[in-house]
Amino acid sequence: MRVGFPSILHGVAVALGGWVIMLFLLRYWYLLPGAFTGFLLVGPILATGLYEISRRQILGERPTLEHVVGAWRKGTKPLVWLGLLLVLAGTLWVLVSAIVFAIYSKTSLITAESFVREIVLNRESYLFDVWLLLGGVGAALVFAATAVSAPMLLDRDVDMLSALITSVRAVGENPIAMALWAAIIMVATVISMTTLMLGFVLAIPVIGHGTWHAYRDLVDAEGLPPRQ
């Protein structure tokens, strides 16, 4: 509420990205589940501007859109590498999903109806269940590695590996709280998707700012040099 326009702008950008994916994949429904889950994997990087807004608020400043742009422009090297790593993970998941559906499906998945009938509702095959299980495991690993690593890379002068290890340790040492936080993110994501992406307009700013404060609460980084 204090920094409304730049915050909401992040949500609008993600909602537009979701619409673009929907339009692009209308003819390729078998790619849709993998594309959306892959899109969500890069969420920690998409919220970089929100971390900067929260960081400057804590410093007593009045963040503006210029600060958001500045955070993206300065893009520290470890943060850029983390972003590329997440994009790679998302892309691989899309490809793996498409290949698995294509190999194990008995018919051509050229329409949404055929995809739902042959993959989602087919009780003779556990393909969709296995896909969900693999996706859940992958999402859990990505969440553990990125729960606080992205805001930490923006805030402190540390390398990517140190930030990833710190994030995993933070999740491992606070399993109940972080599991609840992951569940909140998942529910907000599902609601956002069921509202034709409009829910992301509010969900992304809340999750992004919340992630920054989670990092501040979980990690004592005062002994590390600040990122210039």
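Results, tabulated for the structure shown:
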{"quantity": "Selection count, the range 88-120, where residues are within 15 Å of V42 (Cα to Cα) and either surrounded by fewer than 14 Cβ atoms within 10 Å (Cβ to Cβ) or at pLDDT below 80 (or both)", "calculated": "5"}
{"quantity": "Residue match in the range 66-82 (condition: within 19 Å of R216 (Cβ to Cβ), small (G, A, S), part of a helix (DSSP H, G or I) and modelled with pLDDT under 90)", "calculated": "yes"}
{"quantity": "Test for A183: is it surrounded by 14 or more Cβ atoms within 10 Å (Cβ to Cβ) and among the aliphatic types (A, V, I, L, M)", "calculated": "no"}
{"quantity": "Residues located in the range 200-228, provided they are assigned to a loop (DSSP other than H, G, I, E, B) and in contact (Cβ under 8 Å) with a residue 40 or more places away in the chain", "calculated": "V219, A221, L224, P225, R227, Q228"}
{"quantity": "Residue in the range 50-65 that is surrounded by 15 or more Cβ atoms within 10 Å (Cβ to Cβ), part of a helix (DSSP H, G or I) and modelled with pLDDT under 80 present", "calculated": "no"}
{"quantity": "Any chance V171 is modelled with pLDDT of 95 or more, surrounded by 15 or more Cβ atoms within 10 Å (Cβ to Cβ) and assigned to a helix (DSSP H, G or I)", "calculated": "yes"}
{"quantity": "Residues being in contact (Cβ under 8 Å) with a residue 12 or more places away in the chain, within 20 Å of V142 (Cα to Cα) and among the β-branched types (V, I, T) - total across the range 185-199", "calculated": "2"}
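Let's see how each residue does on (1) modelled with pLDDT under 95; (2) closer than 18 Å to L50 by Cβ; (3) in a helix (DSSP H, G or I); (4) among the hydrophobic types (A, V, I, L, M, F, W, C):
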position: S162; (1), (2), (3), (4): yes, no, yes, no
position: L180; (1), (2), (3), (4): no, no, yes, yes
position: M186; (1), (2), (3), (4): yes, no, yes, yes
position: T189; (1), (2), (3), (4): yes, yes, yes, no
position: M193; (1), (2), (3), (4): yes, no, yes, yes
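The values are calculated or read from the model by the stated rules, or taken from the named source; none is laboratory data. Being a predicted model, the structure only gives us computed values, none of them experimental. Every residue, glycine as well, gets a Cβ built from its backbone with ideal geometry; the counts of neighbours run over all protein chains shown.
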